[in-house]
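One structure below.
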Amino acid sequence: MQPRMKNPAVVLPDAMQPIQAVFKAVHAGGVEAETLELVHLRISQINGCSACVDAGAKTARKAGVSDERLATVAAWREAPYFTDAERAALALAEAATRLADRPNAVSDDVWNAAAKHFDEKALAAIVLMIGVTNLFNRLNATTRQIAGAWADPSRASSSASRGLAELDPFLPEDRSVVDELGEQLPWSAGLAVLCAYTVIAMRMAVGRKQAAAIDWR
């Protein structure tokens, strides 16, 4: 399998930093990482983005999501493994993703249920996560980015390495940081550079020292 093209966010690198800034804000919104990962994974399932489902499941597991929860998030209403807050976030994610399915797609009931568990700042983070995930899904699905390509570069037809080489001036000087972060990326190889920035931003948002030490160019 081959992608149709490099991810558009790699082709047009000016798009990367604004998206990264949104993602950084999401992770500073006070929502538990597991909840955000579940939201990302469920949306990716709905949109049929194999790259995001594949990598999102791996990232969710690393964030602490159990195998039972990963296996049943597609049927979360019928599964006993989710908190009331997670259920409210997942219902909001589904409604906001399926806007064309019905009039008033995000009903007052769905919104009010989420508002019972999350304050305005957290709601903003969840809504932004919904939007960013839908963006990634559409980029990856439209250009047919390959599931697992970041973990196995040979399956990506070198699209990730080409993107990294072409955007060399924008990357951290210490490439070992990018390599080490690669295993934690929540999206596909076509977003290699963007995801490197994104995961670094996640670490900065939670105060991890390694990200703080990066010398940005």
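Derivation of every value follows stated rules applied to the coordinates shown; laboratory data play no part. These figures come from a predicted structure and were not determined experimentally. Positions of Cβ are backbone-derived with ideal geometry, glycine not excepted, and every protein chain shown enters the neighbour counts.
Below is a table of values for the structure above.
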{"quantity": "Out of Asn112, Asn140, Asn134, sole residue that is part of a helix (DSSP H, G or I) and touching a Cys at 6+ places or on another chain (Cβ under 7 Å)", "calculated": "Asn140"}
{"quantity": "Qualifying residue in segment 37-46 (condition: assigned to a helix (DSSP H, G or I), of a type in the set (Gly, Ala, Ser) and free of Cβ contacts under 8 Å to residues at least 60 places away in the same chain)", "calculated": "no"}
{"quantity": "Whichever residue in segment 56-88 is of a type in the set (A, V, I, L, M) and assigned to a loop (DSSP other than H, G, I, E, B) and, among such residues, is surrounded by the most Cβ atoms within 10 Å (Cβ to Cβ)", "calculated": "Val65"}
{"quantity": "Of residues in segment 106-122 being closer than 12 Å to Ala85 by Cα and of a type in the set (Gly, Ala, Ser), the one surrounded by the most Cβ atoms within 10 Å (Cβ to Cβ)", "calculated": "Ala114"}
{"quantity": "Any hit, segment 90-105, residues being touching a Phe, Trp or Tyr at 6+ places or on another chain (Cβ under 9 Å), surrounded by 14 or more Cβ atoms within 10 Å (Cβ to Cβ) and closer than 22 Å to Ile146 by Cα", "calculated": "no"}
{"quantity": "Every residue from segment 1-22 that is surrounded by 15 or more Cβ atoms within 10 Å (Cβ to Cβ), part of a helix (DSSP H, G or I) and of a type outside the set (Gly, Ala, Ser)", "calculated": "Pro8, Val10, Pro13, Met16, Ile19, Gln20, Val22"}
{"quantity": "Lone unmet requirement of (1) under 17 Å from the mean Cα position of the chain (by Cα); (2) in a helix (DSSP H, G or I); (3) closer than 23 Å to Arg138 by Cβ for Ala122", "calculated": "(3)"}
{"quantity": "Those residues of segment 91-126 which are free of Cβ contacts under 8 Å to residues at least 24 places away in the same chain and charged (D, E, K, R), in sequence order", "calculated": "Asp101, Arg102, Asp108, Asp109, Glu120"}
{"quantity": "Test result for Thr72, within 20 Å of Gly56 (Cα to Cα), β-branched (Val, Ile, Thr) and without any contact (Cβ under 8 Å) to a residue 12 or more places away in the chain", "calculated": "yes"}
{"quantity": "Tally, over segment 23-36, of residues that are aliphatic (A, V, I, L, M) and part of a helix (DSSP H, G or I)", "calculated": "4"}
